[in-house]
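The values are calculated or read from the model by the stated rules, or taken from the named source; none is laboratory data. Predicted model only: the values in this text are computed from it and were never measured. Counting neighbours? That spans all protein chains shown, and the Cβs are built from the backbone with ideal geometry, glycine included. When the accessible area is computed, the model is the full protein with side chains, heavy atoms only, and any ligands, DNA or RNA have been set aside. Shrake-Rupley method; radii C 1.70, N 1.55, O 1.52, S 1.80 Å.
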Amino acid sequence: MNDSKITEHPTLNKLVRDLNSYSTRAMNRLFLLDGMALAYRAHFALIRNPITTSKGVNSSALYGFANTLLELIDNQKPTHFAVAFDTSAPTPRHELYPEYKAQREAMPEELSAALPQIRRLCDAMNIPLIIHDGWEADDLIGTYAKKADQAGGFETFMVTPDKDFAQLVSPTTSIYKPGRKGNPPEILGVPEILEQWGIDHTHQVIDILALWGDASDNIPGVPGIGQKTAAKLIQKFGSVEAIIEKSSELKGKQKENLEANIEQLKVSKILTTIVTDCPTDFSLDQLERQPFNSEALKEILIEFEFNSLGKRLLGDEFKAGRGFSSATTADKNSNQQDDLFASPSASTADDLLHTEAQPLSSFDSKNVNYQCIQTREELAQLAPKLEAATLLCFDLESTSLNVQKAEIIGMAVSIQAKEAYFISLIKGSELSLADLQPLLQTPQAKVGHNLKYDLSLLKECNISVSGVCHDTMLAHALIAPEKKHSMDYLSEALLGYETLKFESLFDPEAVFEKPTEPVKTAADAEEEDDLFTLAAKKKPKKIKLTDPIDYTDVSLEKLTQYACEDADITWQLWDKLEPELIRMGADDVYRNIEVPLLPVLVEMESEGINLNSDALSKISVRLSEIIKGLETSIFESAGRTFNLNSPKQLGEVLFGEMKLVEKPKTTKT
């Protein structure tokens, strides 16, 4: 049976394709990626909330592209792989029609800067790059798809959102459109293309595109003819050539427009036809998948701070860090080394993209002076040293994140880098809350991270704090508002140091439930470290951080290290952030608005507001009566009861039974 007969029977065609897929799945699955289209798609998918590194480099396109590659590798199991890219060299289409793609806007600078990194990623993953001056990615993909069809034994997938590729679909070649917003990918074979375009043969897509034109590529087509009209003409005449030959059968304006633009139509067909015999640099065998270059891949993942991708590719032990520059790199770029927060300018972007990443350091007891204070004698010896300091960093350790439920179990203080003291109120300590008051009443400035929590908790315990109160989280929010502001993130980004994790204090079989917070951006999703979650081997004990936590079995040594590190890191962060506030001109806003507002907010939250509970109860009863009356009215109009909260049932009643709209538009859900 020849192809023309198969395409007349979609059901039979699908069966042939399924049989072919079954026979080739165990053999060769070739995936040809439209690199430029996928890069654009990834960049603009995250345009409102771009993913950036700690140095401000936009990595949205690279991140999205890498995810597409991983999804294909993990779920589609390609045996052969290649990515095609356009070049800036003119093509035969430009020679034929100089206006071809002339109206396109310049590529965004951030996307342009990402393309070399995407190619570098492909090289590290040993995925061949198909690039040839004078030919577009469409033509290169078309050429390899045809070679695979002719060779036999290949099931080919063209990975692209571009509609033009529909003309290349055959019984063994399909379009693979990556899923968006959590939806599965869409695979378009011959039956889907024929139904979608309303044609008999996939090559007729060329004729429809020629008649219709393409505004994005500046292909003129025929004025007044859109996709639907073009499809009807091709259904009737079969091809552009047949329409030109039988144009006398057309009527009115349509006949006039077509006959006035015959030469333009011929040019349009050439422009929309994907070439399938380009020069090629690789044989099909050379497109066979190869193992990754782990070292090169690791270098990219560290440089762009892709933690979750690194774990997927290189294992759970991988840690990208935050791109903290090594001393060598800092010396080489000495004029930039303190600019840790600004977005890169065009002149510095390339340097930042190639910044050498340094592995994160972590806690080492030999490098710090952390001490636990448990007696009044020890505290009396420490007090003069703290009072003499110009700056006091402090951090409370408590039993809950809920201020109303929390109890203070100690306070860590630091007055210089790598030195801190944990004033313990548990484990047999002689000290009590009253002993903290004199330390916090000293006149020098106090510093904390997310200080509002600490001040609120102290207020609940009737302890006041004197001196100006600085908050490293607020400072960083002014300096880099688009970034994360957690201590863990800032420590890695600005200090190159990975902090101790809270869960390390407890039984490794416990499971900690972090208070639910929405993920704000893709960047937040990428940086999610599962900070408060540990896998349980047996029956896990769930601990909610909003409930009181029992520290009875916690090692005092571990608690001291954890608490002291918090105070020490906060001190080091303030040392970095304070001069940056001044350099950016944000110091005035910080000191005159943010800092004075902090205690005001603490007072407001502590004071609360008055509620008239009787009035609210009456309003609640009245609203319930109104809702009940509306439900009754709705059910009477519908003629039956149903679940008003179910979009599916509501849709069935409104449009299926009551026929509010004759032909309603439906979605997948």
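Brief remarks on what is shown
- Scanning the range 626-634 turns up no residue that is under 30 Å from V403 (Cβ atoms) and open to solvent by 90 Å² or more (accessible area, probe 1.4 Å).
- Screening the candidates L297, L309 for the property of being at pLDDT below 90, part of a helix (DSSP H, G or I) and under 26 Å from A137 (Cβ atoms) yields one hit, L309.
- Screening H476, H470 for residues that are in a helix (DSSP H, G or I), modelled with pLDDT of 65 or more and open to solvent by less than 40 Å² (accessible area, probe 1.4 Å) leaves exactly one candidate, H476.
- Any hit, the range 415-428, residues being touching a Phe, Trp or Tyr at 6+ places or on another chain (Cβ under 8 Å) and open to solvent by 40 Å² or more (accessible area, probe 1.4 Å): yes
- Failed criterion for D149 (all others in (1) at pLDDT below 90; (2) in contact with a strand residue (DSSP E or B) (Cβ under 8 Å, 6 or more places away or on another chain); (3) charged (D, E, K, R) hold): (1)
So that you can scan it fast, the table gives a plain yes or no per residue for (1) in contact (Cβ under 8 Å) with a residue 60 or more places away in the chain; (2) open to solvent by 10 Å² or more (accessible area, probe 1.4 Å):
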{"residue": "I131", "(1), (2)": "no, yes"}
{"residue": "Y144", "(1), (2)": "yes, no"}
{"residue": "F154", "(1), (2)": "yes, yes"}
{"residue": "P161", "(1), (2)": "yes, yes"}
{"residue": "R180", "(1), (2)": "yes, yes"}
{"residue": "G189", "(1), (2)": "yes, no"}
{"residue": "Q196", "(1), (2)": "no, yes"}
{"residue": "D214", "(1), (2)": "no, yes"}
{"residue": "G221", "(1), (2)": "no, no"}
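- Test for V595: is it surrounded by 12 or more Cβ atoms within 10 Å (Cβ to Cβ), hydrophobic (A, V, I, L, M, F, W, C), assigned to a helix (DSSP H, G or I) and in contact with an Asp or Glu (Cβ under 9 Å, 6 or more places away or on another chain): yes
- Which listed residue, of E460, E503, E397, is farther than 18 Å from L573 by Cα, in contact (Cβ under 8 Å) with a residue 24 or more places away in the chain, open to solvent by 40 Å² or more (accessible area, probe 1.4 Å) and charged (D, E, K, R): E460
- Residue in the range 120-127 that is assigned to a loop (DSSP other than H, G, I, E, B), at pLDDT 90 or above and over 21 Å from A296 (Cα atoms) present: no
- Here is the figure for the range 376-389: residues that are surrounded by 12 or more Cβ atoms within 10 Å (Cβ to Cβ) and closer than 15 Å to S424 by Cβ total 4.
- Test: V602 is at pLDDT 90 or above and either open to solvent by 70 Å² or more (accessible area, probe 1.4 Å) or at positive phi (or both): no
- Whichever residue in the range 44-93 is among the β-branched types (V, I, T) and under 23 Å from E186 (Cβ atoms) and, among such residues, is least open to solvent (accessible area, probe 1.4 Å): V83
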